[in-house]
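Okay, so here's the structure we're looking at.
The values are calculated or read from the model by the stated rules, or taken from the named source; none is laboratory data. In this text the structure is predicted, and so the values were computed from the model without any measurement. A quick note on method: Cβ atoms are made from the backbone with ideal geometry, for glycine too, and the neighbour counts reach across all protein chains shown.
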Amino acid sequence: MMTLSSRNDPYVAFNFIVEIDGLIVGGFNEIGGLDLQIEYFQYHEGGGAGIVYHLPRKPKYGKITLSRGIGEENVLLDWVLTTAQGEIQPRQVSIILKNIQPEMAQIRWDLANALPKEWSCGVFNAQHSRVAIETLALVFTSLKRETHRVDTIENTYIA
């Protein structure tokens with residue numbers, strides 16, 4: 001029987017941070033595209049048995065989209081511009097979903113060899129008082145998920 005003290009509620013989607021090469025790169029208001037698709041090859045067994053096997057091919061990772069308010073810091077756009085000029089700098093990008101209770105576990109997705117694919121500056125409109133938004137889309141080569149318990153005294157990860 002589960003007691004209230006042992007409840008394991010789902011995480012809330014608004015409490016997250018983004019790290020690039022181990023450094024927190026500011027607050028983002030939205031992240032999308034964290035997905036993985038596995039395509040299959042159909043192999044039909046011979047001999048008239050009519051059995052079809054589904055054999056997995058390489059995984060296909062989505063395009064991660066990061067959105068945030070435009071500020072004075074220029075790290076992301078600099079990365080995009082150097083990539084556009086041919087200086088390829090793959091980076092380790094981590095998305096960390098934090099629990100509301102700091103002493104509880106965090107979920108971390110590590111995206112290996114991330115590269116910028118698209119950057120856009122949102123719409124400016126003098127008739128609205130919205131925050132100016134920049135959006136960065138990233139591609140990556142592999143995905144790893146880990147769950148960590150956080151030591152609140154030193155704010156370090158404990159595997």
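Structure summary
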item	result
Top-ranked residue in the range 86-111 [being under 11 Å from the mean Cα position of the chain (by Cα) and of a type in the set (D, E, K, R); ranked as modelled with the highest pLDDT]	110
Output for the range 64-100, where each listed residue is surrounded by 14 or more Cβ atoms within 10 Å (Cβ to Cβ) and charged (D, E, K, R)	68, 91, 98
Positions within the range 30-39 being in contact with a Phe, Trp or Tyr (Cβ under 9 Å, 6 or more places away or on another chain) and either without any contact (Cβ under 8 Å) to a residue 60 or more places away in the chain or farther than 17 Å from residue 94 by Cβ (or both), in sequence order	35, 37
Candidate set from the range 19-63 (those that are assigned to a loop (DSSP other than H, G, I, E, B) and within 11 Å of the chain's Cα centre (by Cα)); member that is surrounded by the fewest Cβ atoms within 10 Å (Cβ to Cβ)	35
Test for residue 48: is it on the phi > 0 side of the Ramachandran plot and at pLDDT below 95	yes
When residues of the range 60-71 are limited to those that are touching a residue at least 60 places away in the same chain (Cβ under 8 Å) and not small (Gly, Ala, Ser), the one nearest to residue 144 (Cα to Cα)	61
Selected residue (criterion: farthest from residue 29 (Cα to Cα)) from residues of the range 134-159 that are modelled with pLDDT under 90, assigned to a strand (DSSP E or B) and of a type in the set (A, V, I, L, M, F, W, C)	158
